[in-house]
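Enquirer: Take this structure first; my questions come after.
Computed from the coordinates by the stated procedures, all read-outs in this text should not be read as laboratory data. Quick caveat: nothing in here was measured; it's all calculated off a predicted structure. Ideal geometry is used to build each Cβ from the backbone, glycine not excepted, and the neighbour counts take in all protein chains shown.
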Amino acid sequence: MADATYLKCAGGIEQVAAAAVTCGTIARLADGRAAVSQGLKAAESGDTVLWATEGIFAVTCATGTTFSLGDLVFWDESASAAIAPALTLDGSADLYLGRAARAKVSGQIVVLVDLNAICPLRPIVYEFDCQTGIDAVAHVLIPAEMNPKGLVITHVFALVTEAFAGGTQDQGIVTVSDESNNAICTLTASDASADAIGDYILGVQAQSTATGAATILQVAAGEYVDAIITQVTSGTAVAGKMKVYIEAIPLV
């Protein structure tokens, strides 16, 4: 028997639909890749659907959004549109599509995307609004598909984008964790005196000038990294936002 038998062209995955699927639907496969459903008509639950994982696709995009050739393109699930990296991206729902295969200028309503073109490890930067009652859910900053081999976390920090304030408590806290809920660090704004816009908040700085230092922070292969507000500002005249950044190195 031959070592391998040719079956079909690369770039297609067949799956049984669990619900109706419209042709041209964008979805995330179980392995984290973006995929676009193929076919001339909608598939019903139980039908076999071909999902394309390679190719150049014209993807819906807001007219005012622009891309240069080679720019990273993400899919905003809530808006059903292609977007550039933004402070509102959340890796739990939004996903990396690929790279712009041609520049897109303002006025055009689609962007050409080279689907699943190699994406470097690029943690998502999210702006957390720590004001009471605004945000109570976790946001994925490193999607699992960006972490196939495991990660070393070298630096986590935040920048203040809105000064923290509150009549009874102005100390906003964001906790960063891995998928197994192991805390990586906390980012704590100043208490009793609001941080100025642009101030740096340290979460963790893993580099050391000495050998024998405490074990460096690692994230297991295939796990995402997320963050959530674990203490909000409260009282009267509450405010406070921070942008969270993660620096990481893939394990080999």
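Enquirer: Give the residue from 109, 15, 97 lying farthest towards the positive end of the charge dipole for the stretch 1-118; charges sit on Cβ (+1 for Lys and Arg, -1 for Asp and Glu) and the dipole is referred to the Cα centre.
Expert: Value computed over the given set: 109.
Enquirer: Most exposed first by the Cβ proxy, i.e. fewest other Cβ within 10 Å, how do 96, 6 rank?
Expert: With the sparsest Cβ surroundings first, the list reads 6, 96.
Enquirer: Something else now. Compute a Gaussian network model of the chain, connecting alpha carbons closer than 10 Å, and tell me which residue from 32, 46, 91 fluctuates the most.
Expert: Evaluated over the chain, the most mobile residue of the options is 46.
Enquirer: What order do you get for 129, 47, 226 when you list them from fewest to most C-beta neighbours inside 10 Å?
Expert: 47, 129, 226
Enquirer: Output the peptides 68-77, 140-149, 17-26 sorted from most to least packed, where packing is the average of other Cβ atoms within 10 Å over each peptide's residues.
Expert: Ranking, from highest mean packing down: 140-149, 68-77, 17-26.
Enquirer: Using only the Cα atoms of the stretch 126-250, build the gyration tensor, take square roots of its eigenvalues as a ≥ b ≥ c, and label the shape rounded, prolate or oblate: rounded if a/c is under 1.5, else prolate if a/b is larger than b/c, else oblate.
Expert: prolate
Enquirer: Could you point to the residue in 50, 196, 6 farthest towards the positive end of the chain's charge dipole, with +1 and -1 charges on the Cβ of Lys/Arg and Asp/Glu respectively?
Expert: 6
Enquirer: When a footprinting reagent is the concern and you count Cβ atoms within 10 Å, what order do 90, 195, 3 take, fewest first?
Expert: 3, 90, 195
Enquirer: Would you please classify the overall shape of the chain from the alpha carbon gyration tensor, given that a ≥ b ≥ c denote the square roots of the eigenvalues, rounded means a/c under 1.5, and beyond that prolate means a/b larger than b/c while oblate covers the rest?
Expert: Prolate is the answer for the chain, as a/c is 1.5 or above and a/b outweighs b/c.
Enquirer: Also, quick follow-up: What residue among 225, 105, 125 shows peak mean-square fluctuation when the chain is described by a Gaussian network model with Cα springs under 10 Å?
Expert: 105
Enquirer: Beta carbons within 10 angstrom, averaged per residue: use that to sort the peptides 173-180, 49-56, highest first.
Expert: So the order, starting with the most tightly packed, is 173-180, 49-56.
Enquirer: Using unit Cβ charges (K, R positive; D, E negative) and no other charged atoms, how large, in debye to the nearest 20, is the dipole of the chain about its Cα centre?
Expert: Roughly 640 debye for the chain.
Enquirer: Ok, one more. Quick check: Cα centre of the stretch 80-108 to Cα centre of the stretch 121-172, how many Å?
Expert: 20 Å
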